[in-house]
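Since the structure comes first, as structure tokens, the remarks are kept for the end.
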Amino acid sequence: MERKSFDELYRDILQQKIDLREPLPPEYDPLHLDCLLHPKNYAPVFQTTQFQNCEEEIKRKCIQSCLFEAIKEEENGKVSIDTEKCTGCGGCIHSCKPEKLQGSRDLLAVMMALRKKKGEAYILAAPAFMGQFGKKVTPGKLRSAFRILGFDGMVEVALFADILTMKEALEFDRHVRKAGDFQMTSCCCPIWISMLRKEKWMDHVPGAISPMIAAGRVVKRLHPEALTVFIGPCLAKKAEAREADVADAVDYVLTFQEVNDLFEAAKIDPKTLPERGRDHSSRAGRIYARTGGVSEAVTKTVRQLRSDGKSIQVKAEQADGVSDCRKLLERFRKGDSDANFLEGMGCKGGCVGGPKAMLSAKQGTEYVNEYGNAAKVKTPLENPYVMQLMKELGFDTVEALLEDETLFTRNFGKEFSDN
């Protein structure tokens, strides 16, 4: 009997062709079902079939495609993926000619968790979400769609990008005081952080969590029993959410493609739903989703902090895509750049170019810029909702972010270098 594929099993479950209360029909692989029901037990990229039948050349290319050495050949000739090392960058999926690799899908696990939840459930929407589900699908209509599915609300992660912008700007103000000092952003991209770890640059990374983790932690601080589900265009966020020191924040990560699958299975058309409007983020937080957004946000916020105009200001350089990030780090190591703030994005175009986006990076950038320009305020220091939330969390001043050791701070294992 010919086995059905992982994707066929996934689709058949969503279309309710398979009842999970019954034994799995023999044409399906039990491993595939386990991957779907217990995604946290597997790497963000997993093998749908074993590699022992692959030609040596294909096997070698697969191993070489992983920048982080997460794919290895065992003594018996099988190839395995190290769950701890896999960052979810997805490079191996694209290089696998036999198509034996798949990105993790958390959708079924999310729906089961939603049915069993003890408290409230919240969607944490990445700044790249604008336009991903159609031109007419506004943030307010998305909120209505998630309410139908059983979520209590949708939180825009851009609001927490605002807070992290202030933290990174304060770190820059503290550490970059003269020519030769520099800072590497830690805010957004887990692939960039993984590259900095591998290349031994972490001494120049401030201990700031990502906006995704910040959103999850704040929601759980305010609602301790809450179920938190991040949605975005990125597989790597699935790996980030499981890292031991930040695993308290986000319960599950869904890609935009998974969310679209859910809307289709539930026969939900968000554009037809009523508005549930909110407007809490600044332009700075909203443009995090595209290349240069973090740099622009931090630059403007530092300028507001250093209003005398005499101190060193941000001179940023960005790279997007793994190859460009590697080239930027190599140039910087050789002294071929005079930048003092480096921003790296693992995908071309930034988060909008993520492997599980519904739009091209160009289209996604256009929607992000349009949404950013529509913001009522431009920077987090001007955003009353940021200040209100910070007070609710116990931060009396912006500068108190530097003293925080729990909520918005991450210990990367090394102290940020005081130059």
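At-a-glance table
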quantity	calculated
Unmet criterion (only one of (1) buried (at least 21 other Cβ atoms within 10 Å of the Cβ); (2) more than 19 Å from residue 383 (Cβ to Cβ)) for residue 175	(1)
Flag if residue 42 is in contact (Cβ under 8 Å) with a residue 60 or more places away in the chain and of a type outside the set (Val, Ile, Thr)	yes
Tally of residues being part of a helix (DSSP H, G or I), surrounded by 18 or more Cβ atoms within 10 Å (Cβ to Cβ) and either in contact with an Asp or Glu (Cβ under 8 Å, 6 or more places away or on another chain) or without any contact (Cβ under 8 Å) to a residue 40 or more places away in the chain (or both) across the stretch 316-331	2
Residue count for the stretch 1-38, restricted to those that are touching a strand residue (DSSP E or B) at 6+ places or on another chain (Cβ under 8 Å) and surrounded by 18 or more Cβ atoms within 10 Å (Cβ to Cβ)	2
Candidate set from the stretch 39-60 (those that are outside any loop (DSSP other than H, G, I, E, B) and over 29 Å from residue 244 (Cβ atoms)); member that is least open to solvent (accessible area, probe 1.4 Å)	59
Residue satisfying condition, being modelled with pLDDT of 95 or more and among the basic types (Lys, Arg), within set 334, 362, 310, 300	362
Any hit, the stretch 308-315, residues being open to solvent by 10 Å² or more (accessible area, probe 1.4 Å), outside any loop (DSSP other than H, G, I, E, B), without any contact (Cβ under 8 Å) to a residue 60 or more places away in the chain and touching a strand residue (DSSP E or B) at 6+ places or on another chain (Cβ under 8 Å)	no
Candidates 411, 383, 369, filtered to the one that is in contact with an Asp or Glu (Cβ under 6 Å, 6 or more places away or on another chain) and of a type in the set (S, T, N, Q)	383
Residue that is nearest to residue 211 (Cα to Cα) [pool: residues in the stretch 160-180 that are under 18 Å from the mean Cα position of the chain (by Cα) and not aliphatic (A, V, I, L, M)]	160
Pairs with Cβ under 7 Å, 6+ apart, first in the stretch 275-300 and farther than 24 Å from residue 141 by Cβ, second open to solvent by 10 Å² or more (accessible area, probe 1.4 Å) and polar (S, T, N, Q)	291/318; 292/318; 295/318
Filter pass, residue 362 being open to solvent by 60 Å² or more (accessible area, probe 1.4 Å), assigned to a helix (DSSP H, G or I) and in contact (Cβ under 8 Å) with a residue 40 or more places away in the chain	no
Residue that is at pLDDT 90 or above, within 29 Å of residue 243 (Cα to Cα) and aliphatic (A, V, I, L, M), where the choices are 33, 67	33
Residue match in the stretch 291-307 (condition: closer than 25 Å to residue 89 by Cβ, part of a loop (DSSP other than H, G, I, E, B) and open to solvent by 30 Å² or more (accessible area, probe 1.4 Å))	yes
Residues being open to solvent by 20 Å² or more (accessible area, probe 1.4 Å) and within 25 Å of residue 370 (Cα to Cα) - total across the stretch 337-348	2
Residue list for the stretch 18-45, restricted to those being touching a Lys or Arg at 6+ places or on another chain (Cβ under 8 Å) and over 30 Å from residue 85 (Cα atoms)	27
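Conditions tested, residue by residue: (1) more than 17 Å from residue 161 (Cα to Cα); (2) open to solvent by 100 Å² or more (accessible area, probe 1.4 Å); (3) hydroxyl-bearing (Ser, Thr, Tyr); (4) without any contact (Cβ under 8 Å) to a residue 24 or more places away in the chain.
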{"site": "379", "(1), (2), (3), (4)": "no, no, yes, no"}
{"site": "382", "(1), (2), (3), (4)": "no, no, no, no"}
{"site": "385", "(1), (2), (3), (4)": "no, no, yes, no"}
{"site": "398", "(1), (2), (3), (4)": "no, no, no, no"}
{"site": "402", "(1), (2), (3), (4)": "no, no, no, no"}
{"site": "405", "(1), (2), (3), (4)": "yes, yes, no, yes"}
{"site": "409", "(1), (2), (3), (4)": "no, no, yes, no"}
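Results for (1) within 18 Å of residue 347 (Cα to Cα); (2) among the hydrophobic types (A, V, I, L, M, F, W, C), shown as yes or no for each residue.
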residue: 230; (1), (2): no, yes
residue: 237; (1), (2): yes, no
residue: 246; (1), (2): no, yes
residue: 262; (1), (2): no, yes
residue: 266; (1), (2): no, yes
residue: 274; (1), (2): no, no
residue: 300; (1), (2): no, no
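The values are calculated or read from the model by the stated rules, or taken from the named source; none is laboratory data. Note that the structure is a prediction, hence the values are computed from the model and not measured. Cβ coordinates were reconstructed from backbone atoms using ideal geometry, including for glycine residues, and neighbour counts include every protein chain displayed. The protein model used for the area step is the full one, side chains on, heavy atoms only, and it has no ligands, DNA or RNA in it. Shrake-Rupley method; radii C 1.70, N 1.55, O 1.52, S 1.80 Å.
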